[in-house]
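Peer 1: Once you've had a glance at the structure underneath, I'll fire off some questions.
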Ligand SMILES: Nc1ncnc2c1ncn2[C@@H]1O[C@H](COP(=O)(O)OP(=O)(O)O)[C@@H](O)[C@H]1O
Ligand SMILES: [Mg+2]
């Protein structure tokens with residue numbers, strides 16, 4: 001990446017006074033600058049606009065936008081990203097929602113390490129709205145304890161009724177200062193219209209960039225699988241005695257037998273915090289064998305069994 005131009009020469013006239021730093025930009029950033037204009041950036045960079053939630057359909061460029069925006073705002077504010085997409089996760093492994101601090105200028109998402117994640121046990125909010133909402137609240141709260149600006153990425157689920165309901169309750173619980181809505185037509189009006197007389201959140205409408213690429217279901221599946229494999233890369237099988245831990249399910253409780261093999265689980269500590277994920281290798285009345293990157297399972301006090309199973313042959317993560 002090469003320094004492309006300095007702020008004094010850029011199109012962000014509204015920002016030039018504040019953002020005197022040299023902007024390092026990528027090809028995507030050039031398109032980004034056409035999507036977000038200086039007026040929007042002034043609003044987004046106002047000190048009292050702390051929580052910025054980005055919504056839009058799948059493949060509308062939300063995640064890319066969050067990335068570039070966070071790299072701009074981190075020049076002047078302690079900036080965090082919250083990733084509420086448990087399917088196409090960037091921060092934390094799939095099945096989780098997570099947050100990260102933008103501490104140093106990094107070139108790629110892969111270089112960002114999550115501070116915390118919350119296990120939702122699913123790769124889509126469909127049928128798991130409670131874990132999705134609970135995770136959204138807990139993770140955003142943690143991020144906002146540390147950061148002056150929190151940029152919240154969301155899933156592309158906007159359809160009636162689930163998408164609308166999920167977004168409304170997410171907004172109620174997070175109480176964002178700004179909704180950055182990426183919309184090519186009126187596909188978000190069922191979500192945004194009911195809010196239009198409210199003092200908060202301020203709604204900024206932007207068009208998706210022309211360069212966005214549609215991710216096919218196969219690509220999405222591959223991404224999730226590869227991301228999970230990457231998370232499990234340095235894993236080993238750990239044996240945990242069932243009498244020493246609590247076991248809970250994100251959905252229906254199931255018998256401890258081979259049906260649970262390959263399920264993704266979260267390992268929690270005594271303060272009920274998700275420490276690591278794992279994959280059930282075997283489970284019986286006496287012991288559970290879990291493949292996990294967690295080195296020491298001594299402090300684990302409970303496991304949460306989700307809906308998602310890893311299918312090594314089919315190279316996918318499937319919700320059961
Ligand atoms: N401004 C842009 N210019 C070029 N390509 C983009 C831009 N924004 C997004 N893309 C590409 O479009 C695809 C979808 O973008 P993404 O940010 O993942 O969308 P969403 O998070 O809404 O699903 C990705 O492959 C991304 O690299
Ligand atoms: Mg995304």
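Peer 1: Starting from the Cα of residue 199, step 7 Å along the direction of its Cβ; do the same at residue 223; then give the gap between the two resulting points in nm.
Peer 2: Distance between the two pseudo-spin positions: 3.8 nm.
Peer 1: Counting pairs of Cα atoms in the chain, how many percent are more than 28 Å apart?
Peer 2: 42
Peer 1: Starting from the Cα of residue 298, step 7 Å along the direction of its Cβ; do the same at residue 105; then give the gap between the two resulting points in nm.
Peer 2: My value for the distance between the label points is 4.4 nm.
Peer 1: On full extension of the chain, what length is gained from residue 113 through residue 38, given 0.36 nm per residue of separation minus the C-alpha to C-alpha distance?
Peer 2: Once the chain is fully extended between residue 113 and residue 38, it gains 24.0 nm.
Peer 1: Sorted from fewest to most neighbouring beta carbons within 10 Å, what does the list 99, 67 look like?
Peer 2: 67, 99
Peer 1: Under 10 Å, Cα contacts only: if you run a Gaussian network model on the chain, which one of 193, 153, 48 comes out with the highest mean-square fluctuation?
Peer 2: Judging by the Gaussian network model, the answer is 193.
Peer 1: Taking only Cα atoms, what is the 0 to 90° angle, nearest 10, from helix 129-146's long axis to the longest principal axis of the chain?
Peer 2: With both axes taken from Cα atoms, the answer is about 60 degrees.
Peer 1: With the contact rule set at Cα under 8 Å and sequence spacing of 6 or more, what percent relative contact order holds for the chain? Working shown, then result.
Peer 2: Values: 645 pairs, mean separation 53.2, N = 320.
17 percent.
Peer 1: Kindly express, to the nearest 10 degrees and within the range 0 to 90, the angle between helix 162-174's C-alpha long axis and the longest C-alpha principal axis of the chain.
Peer 2: Approximately 80 degrees, to the nearest 10.
Peer 1: Which angle from 0 to 90°, rounded to the nearest 10, does the C-alpha axis of helix 62-73 make with the longest principal axis of the chain?
Peer 2: 60
Peer 1: From the P(r) of the range 177-320, can you give the percent of Cα pairs sitting at distances over 22 Å?
Peer 2: Taking all Cα-Cα pairs of the range 177-320, the fraction more than 22 Å apart is 55 percent.
Peer 1: Roughly how many whole Å is it from the C-alpha centroid of the range 212-237 to that of the range 127-190?
Peer 2: 23
Peer 1: Note down the nm distance, to one decimal, between modelled labels 7 Å out along Cα→Cβ at residue 175 and at residue 248.
Peer 2: So the two model labels end up 2.5 nm from each other.
Peer 1: For the range 17-206, divide the Cα radius of gyration by the Kirkwood radius and give the resulting Rg/Rh value with two decimals.
Peer 2: Radius of gyration over Kirkwood radius for the range 17-206 works out to 0.93.
Peer 1: How do 63, 308, 134, 104 line up, fewest other C-beta atoms within 10 Å first?
Peer 2: Listing 63, 308, 134, 104 from fewest to most nearby Cβ atoms yields 104, 134, 63, 308.
Peer 1: How do 313, 42, 107 rank when sorted from fewest to most other Cβ atoms within 10 Å of their own Cβ?
Peer 2: By the 10 Å Cβ count, ascending: 313, 107, 42.
Peer 1: Counting only helical runs of four or more DSSP H residues, what would the 222 nm mean residue ellipticity of the chain come to if each run contributes -39,500 (n - 2.57) and the total is spread over all its residues?
Peer 2: -7500 deg cm²/dmol
Rule-based calculations on the coordinates, nothing more; no lab input. In this text the structure is predicted, and so the values were computed from the model without any measurement. As a convention, Cβ positions derive from the backbone with ideal geometry for all residues, glycine included, and neighbour counts pool all protein chains shown.
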